[in-house]
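The values are calculated or read from the model by the stated rules, or taken from the named source; none is laboratory data. Just so we're clear, the structure is a prediction, and the values are computed from it rather than from any experiment. Cβ placement follows ideal geometry from the backbone for every residue including glycine, while neighbour counts extend to all protein chains displayed.
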Amino acid sequence: MKTAIVLLSSGLDSTVNLFAALKNGVKVVRALTFDYGQRAARNEIAHSERLAQIASVAHEVVALPWLKAITRTSLVNTDGDVPTGAAVAIDDLETSSATARAVWVPNRNGVFLNVGAAFADSLKVDLVVPGFNAEEAATFPDNSADFLASLNHSFSFSTSHQVKVHCYTTELRKPEIYQLGLDLGVPMDLVWPCYFAGERPCGQCESCQRFLRAKAASGAFGASGAC
Ligand SMILES: [Zn+2]
């Protein structure tokens with residue numbers, strides 16, 4: 001049986017990957033949630049804790065205070081505004097590239113995957129499972145299949161246990177991921193898609209807009225086969 005560390009933010013992609021790993025017979029040794037001072041940290045940690053509990057998986061919060069200290073963009077730094085509402089255009093590559101810059105955290109996925117691989121190497125775990133998706137790979141290249149392949153190459157040098165990265169959603173767009181989540185029985189009300197830490201998801205930030213569109217599209221997805 002393969003073993004895995006899942007990187008769990010409680011967003012749609014990472015949550016679906018947790019349940020997909022379990023469904024595929026992988027033993028998830030630990031779910032890691034990163035606290036790098038992001039605005040939604042408190043909510044992400046609380047929701048991840050609940051999700052891990054439901055999945056019967058050990059949960060650990062990994063604090064990365066230095067990443068908060070060196071991040072200048074608005075996802076962490078409250079002096080800047082996170083783009084919301086009409087400032088977000090999820091189908092416009094130029095606009096979504098600009099919003100991606102506004103929420104960019106230096107080498108975030110590179111750091112996360114390497115921290116996950118360090119845990120995996122230490123615990124002799126086979127896989128690190130991130131939540132990548134095809135929809136955001138256009139504006140966030142650290143979501144792409146190429147990046148995943150490059151990590152596997154890199155970890156063949158940097159881990160003694162030959163840790164691999166495996167993601168169940170790299171080739172999927174958000175509506176397909178949402179549908180997969182429904183098929184897997186993911187408790188969707190526990191997913192926290194939002195960049196903010198309100199009582200409820202704001203519905204206006206880029207991440208909320210992508211989630212809501214996926215949710216709306218997923219109903220028709222199974223019947224039409226297209227999003
Ligand atoms: Zn939001």
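Evaluated against (1) out of contact with any Cys (no Cβ under 6 Å at 6 or more places or on another chain); (2) of a type outside the set (Val, Ile, Thr); (3) modelled with pLDDT under 95, Leu184 falls short on exactly one condition, (3). Every condition in (1) polar (S, T, N, Q); (2) assigned to a loop (DSSP other than H, G, I, E, B); (3) in contact (Cβ under 8 Å) with a residue 40 or more places away in the chain is met by Thr170 except one, and the failing one is (3). Among the residues of segment 181-209, the ones that are touching a helix residue (DSSP H, G or I) at 6+ places or on another chain (Cβ under 8 Å) and part of a helix (DSSP H, G or I) come to 6 in all. Might you let me know whether segment 157-168 holds any residue that is at pLDDT 95 or above, surrounded by fewer than 19 Cβ atoms within 10 Å (Cβ to Cβ) and of a type in the set (Gly, Ala, Ser)? Yes, some residue in segment 157-168 is at pLDDT 95 or above, surrounded by fewer than 19 Cβ atoms within 10 Å (Cβ to Cβ) and of a type in the set (Gly, Ala, Ser).
The set of residues in segment 182-196 being more than 10 Å from the ligand (Cβ to nearest atom) and not β-branched (Val, Ile, Thr) consists of Leu182, Asp183, Leu184, Gly185, Pro187, Met188, Asp189, Leu190. Taking the stated definitions as given, is Leu64 at pLDDT 95 or above, within 30 Å of Phe19 (Cα to Cα), surrounded by 13 or more Cβ atoms within 10 Å (Cβ to Cβ) and not basic (Lys, Arg)? It is true that Leu64 is at pLDDT 95 or above, within 30 Å of Phe19 (Cα to Cα), surrounded by 13 or more Cβ atoms within 10 Å (Cβ to Cβ) and not basic (Lys, Arg). With respect to Leu212, determine if the residue is in a helix (DSSP H, G or I), more than 18 Å from Val103 (Cα to Cα), away from the ligand (no atom under 16 Å from the Cβ) and of a type outside the set (Val, Ile, Thr). For Leu212, the condition - in a helix (DSSP H, G or I), more than 18 Å from Val103 (Cα to Cα), away from the ligand (no atom under 16 Å from the Cβ) and of a type outside the set (Val, Ile, Thr) - is not met.
Checking Gly116, Gly110, Gly25 one by one, the residue that is modelled with pLDDT of 85 or more and farther than 24 Å from Leu190 by Cβ is Gly110 and no other.
Taking each residue of segment 190-216 that is under 11 Å from Lys174 (Cβ atoms) and modelled with pLDDT of 95 or more and looking for partners that are within 9 Å of the ligand (Cβ to nearest atom) and hydroxyl-bearing (Ser, Thr, Tyr) with beta-carbon atoms closer than 9 Å, six or more apart or interchain, yields Pro193/Ser207. Restricting attention to segment 53-65, the residues being farther than 20 Å from Leu184 by Cβ and in a strand (DSSP E or B) number 4. Gly185 meets the conditions (1) free of Cβ contacts under 8 Å to residues at least 60 places away in the same chain; (2) among the small types (Gly, Ala, Ser); (3) at positive phi in every case but one. The failed one is (1).
Selection within segment 29-52: residues that are free of Cβ contacts under 8 Å to residues at least 60 places away in the same chain and outside any helix (DSSP H, G or I). The member of this set that is surrounded by the most Cβ atoms within 10 Å (Cβ to Cβ) is Ala31.
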